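The values are calculated or read from the model by the stated rules, or taken from the named source; none is laboratory data. Predicted model only: the values in this text are computed from it and were never measured. Positions of Cβ are backbone-derived with ideal geometry, glycine not excepted, and every protein chain shown enters the neighbour counts. All accessible areas refer to the heavy atoms of the entire protein, side chains included, with ligands and DNA or RNA removed. Shrake-Rupley method; radii C 1.70, N 1.55, O 1.52, S 1.80 Å.
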Amino acid sequence: MTHYIPQTDNPVGSTVLLIDSLASAPALLACAEQRIQAAKNLLRCLALMSARSHDPHDLSAVCEASSLLLQQGCDVLQVLALQHA
């Protein structure tokens, strides 16, 4: 396993966001949990929005942010799983 693993949500041809595969298990779990919780909170906000109280771009922005956060959380969990394989 390489030391730094690119996240899958990096733009094509870019490896700006990397995961340290040598980070401790507690650090990786905390990172993944933070992102998954943030995505959950965004989706909860989306569920509570009314059709009249939001900008038409809100739905797209919340969905994109949630998707990125969930993908990052999943990427970090995958690195953790590789550490313990």
Q.
Please determine whether any residue of segment 73-85 is farther than 20 Å from Y4 by Cβ and open to solvent by 60 Å² or more (accessible area, probe 1.4 Å).
A. no
Q) Among the numbered criteria (1) open to solvent by less than 80 Å² (accessible area, probe 1.4 Å); (2) over 22 Å from H3 (Cα atoms); (3) in a helix (DSSP H, G or I), which single criterion is violated by L28? A) (2)
Q | Where a residue in segment 5-16 is of a type in the set (A, V, I, L, M) and its partner, wherever it lies, is at pLDDT below 90, with Cβ under 7 Å and at least six apart | A | V16/N10
**Q.** Answer from A81, A47, A39, A61 - the residue that is assigned to a helix (DSSP H, G or I) and in contact (Cβ under 8 Å) with a residue 12 or more places away in the chain
**A.** A39
